[in-house]
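Undergrad: Pasting in a structure now, in structure tokens, and then I'll have a few things to ask.
The values are calculated or read from the model by the stated rules, or taken from the named source; none is laboratory data. This one's a predicted model, so the numbers in the text were calculated from it and none came from an experiment. Here the Cβ positions follow ideal geometry from the backbone for every residue, glycine too, while neighbour counts run over all protein chains shown.
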Amino acid sequence: MPRRSEDIFLSKMDSVAASVIKEAIKKVDQGDCDRARELLNPLIIKKDAAAIFYAATFGVPGESLEHFEKRRIEQLQQSAKYGYAPAMHELAIHYDSGDLVPRNLEKAAQLFRQAAEKGHPHAQWIYGLDLIHGRNGIEKDEKLGIEYVKKSAESKFEGALESMAEFYKKGIHGFPLDADKARHFQGKTNDKDIIGY
């Protein structure tokens, strides 16, 4: 099973908070969302951005879908405000798709940029492509865009590895035509430690 970008940020956290959050994630996976909420609440009270982010990923028994969706966006916004890259990335996805919030591609692009600057591999790839193509209100800067796609590929994000393979296969964006390098990057998408979409 591919890793998630969020896992990188958990591994960089204070070990006590990270272990509480990991335990809460296990409880959610086991269907015990009440216990997960109990575990996260002390961290949420302390304004722990990661705990707030993970609390936004699940509903609790008795919570209506409407209330969950509203709370989800509010908690993602709060966590992003505190600088948590996975929350910025997740919120950007909502703005990009218009899911639970009005669609706003420029706001999405800015959130992807902020998350990319903090080292979020999926956001680095998306922001890199925005720079390469000059889209979503981002000024075109192919050189910087390629740097972000390369950083994402170095983290083994699946989409970036596929993009690098395409760049070499087609000889685009300043990359030479190189079938061997294209196969190399495409082959890395089968590694066990890749970060999935």
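Undergrad: Return the pairs, sorted by first residue and then second, in which the second residue is surrounded by fewer than 22 Cβ atoms within 10 Å (Cβ to Cβ) and among the acidic types (Asp, Glu), the first residue lies in the range 142-167 and is over 10 Å from GLN124 (Cα atoms) and touching a residue at least 24 places away in the same chain (Cβ under 8 Å), the beta carbons are less than 9 Å apart, and the residues are 6+ apart or on different chains.
TA: Close Cβ pairs satisfying both conditions: LYS156/ASP191; LYS156/ASP193; LEU161/ASP191.
Undergrad: Can you tell me how many residues within the range 3-52 are in contact (Cβ under 8 Å) with a residue 40 or more places away in the chain and crowded, with 16+ Cβ neighbours inside 10 Å?
TA: Matching residues across the range 3-52 total 7.
Undergrad: Can you confirm whether GLU66 is farther than 24 Å from TYR197 by Cβ and assigned to a helix (DSSP H, G or I)? Show your work before the answer.
TA: Working: farther than 24 Å from TYR197 by Cβ: yes; assigned to a helix (DSSP H, G or I): yes.
It is true that GLU66 is farther than 24 Å from TYR197 by Cβ and assigned to a helix (DSSP H, G or I).
Undergrad: Does VAL60 satisfy the condition of being over 29 Å from LYS156 (Cβ atoms), at pLDDT 95 or above and either among the aliphatic types (A, V, I, L, M) or buried (at least 21 other Cβ atoms within 10 Å of the Cβ) (or both)? Explain how you work it out, then say what you get.
TA: Working: over 29 Å from LYS156 (Cβ atoms): yes; at pLDDT 95 or above: no; either among the aliphatic types (A, V, I, L, M) or buried (at least 21 other Cβ atoms within 10 Å of the Cβ) (or both): yes.
So VAL60 does not fit the description; no.
Undergrad: Is one or more of the residues making up the range 93-102 closer than 22 Å to TYR197 by Cα, exposed (fewer than 15 other Cβ atoms within 10 Å of the Cβ) and among the acidic types (Asp, Glu)?
TA: Checked against the condition, which is being closer than 22 Å to TYR197 by Cα, exposed (fewer than 15 other Cβ atoms within 10 Å of the Cβ) and among the acidic types (Asp, Glu), the range 93-102 yields at least one hit.
Undergrad: So, one more: What about LEU65, is it surrounded by fewer than 24 Cβ atoms within 10 Å (Cβ to Cβ), more than 18 Å from the chain's Cα centre (by Cα), closer than 19 Å to LEU10 by Cα and not aromatic (Phe, Trp, Tyr)? Lay out the reasoning, then the answer.
TA: Numbers: surrounded by fewer than 24 Cβ atoms within 10 Å (Cβ to Cβ): yes; more than 18 Å from the chain's Cα centre (by Cα): yes; closer than 19 Å to LEU10 by Cα: no; not aromatic (Phe, Trp, Tyr): yes.
So LEU65 fails the test.
Undergrad: Related question: Name the residues in the range 146-164 that are buried (at least 21 other Cβ atoms within 10 Å of the Cβ) and either aromatic (Phe, Trp, Tyr) or farther than 18 Å from LYS192 by Cα (or both), would you?
TA: If the condition is that a residue be buried (at least 21 other Cβ atoms within 10 Å of the Cβ) and either aromatic (Phe, Trp, Tyr) or farther than 18 Å from LYS192 by Cα (or both), then TYR148, VAL149, PHE157, SER163, MET164 are the ones that fit.
Undergrad: Okay, moving on. Is it the case that some residue within the range 120-129 is closer than 21 Å to SER97 by Cα, touching a residue at least 12 places away in the same chain (Cβ under 8 Å), polar (S, T, N, Q) and surrounded by 24 or more Cβ atoms within 10 Å (Cβ to Cβ)?
TA: Going through the range 120-129, the residues closer than 21 Å to SER97 by Cα turn out to be 120-129.
Filter again for touching a residue at least 12 places away in the same chain (Cβ under 8 Å), leaving 120-129.
Cutting the leftovers down to polar (S, T, N, Q) gives us 124.
With the extra rule that they be surrounded by 24 or more Cβ atoms within 10 Å (Cβ to Cβ), the set shrinks to 124.
Yes, the range 120-129 has at least one match.
Undergrad: So how many residues does the range 165-197 have that are surrounded by 12 or more Cβ atoms within 10 Å (Cβ to Cβ), assigned to a helix (DSSP H, G or I) and not charged (D, E, K, R)?
TA: Looking only at that region, the number is 7.
Undergrad: Next question, about the same structure. Looking at the range 151-197 only, could you name the residues that are small (Gly, Ala, Ser) and under 22 Å from LEU131 (Cα atoms)?
TA: The initial filter retains those residues of the range 151-197 that are small (Gly, Ala, Ser), namely 152-153, 155, 159-160, 163, 165, 171, 174, 179, 182, 187, 196.
If the condition is that a residue be small (Gly, Ala, Ser) and under 22 Å from LEU131 (Cα atoms), then SER152, ALA153, SER155, GLY159, ALA160, SER163, ALA165, GLY171, GLY174, ALA182, GLY196 are the ones that fit.
Undergrad: Quick one: in the range 134-164, of everything that is touching a Pro at 6+ places or on another chain (Cβ under 8 Å) and not in a helix (DSSP H, G or I), which residue is nearest to ARG103 (Cα to Cα)?
TA: Within the range 134-164, the match that is nearest to ARG103 (Cα to Cα) is PHE157.
Undergrad: For LEU100, which of the numbered conditions (1) outside any helix (DSSP H, G or I); (2) touching a residue at least 24 places away in the same chain (Cβ under 8 Å); (3) more than 28 Å from LEU10 (Cα to Cα) fails to hold?
TA: Of everything listed in (1) outside any helix (DSSP H, G or I); (2) touching a residue at least 24 places away in the same chain (Cβ under 8 Å); (3) more than 28 Å from LEU10 (Cα to Cα), LEU100 misses just condition (3).
Undergrad: Given ILE132, ILE45, which one is among the β-branched types (Val, Ile, Thr) and under 25 Å from ILE194 (Cβ atoms)? Steps first, please.
TA: On the way: ILE45 fails: under 25 Å from ILE194 (Cβ atoms).
Matching residue, one of ILE132, ILE45: ILE132.
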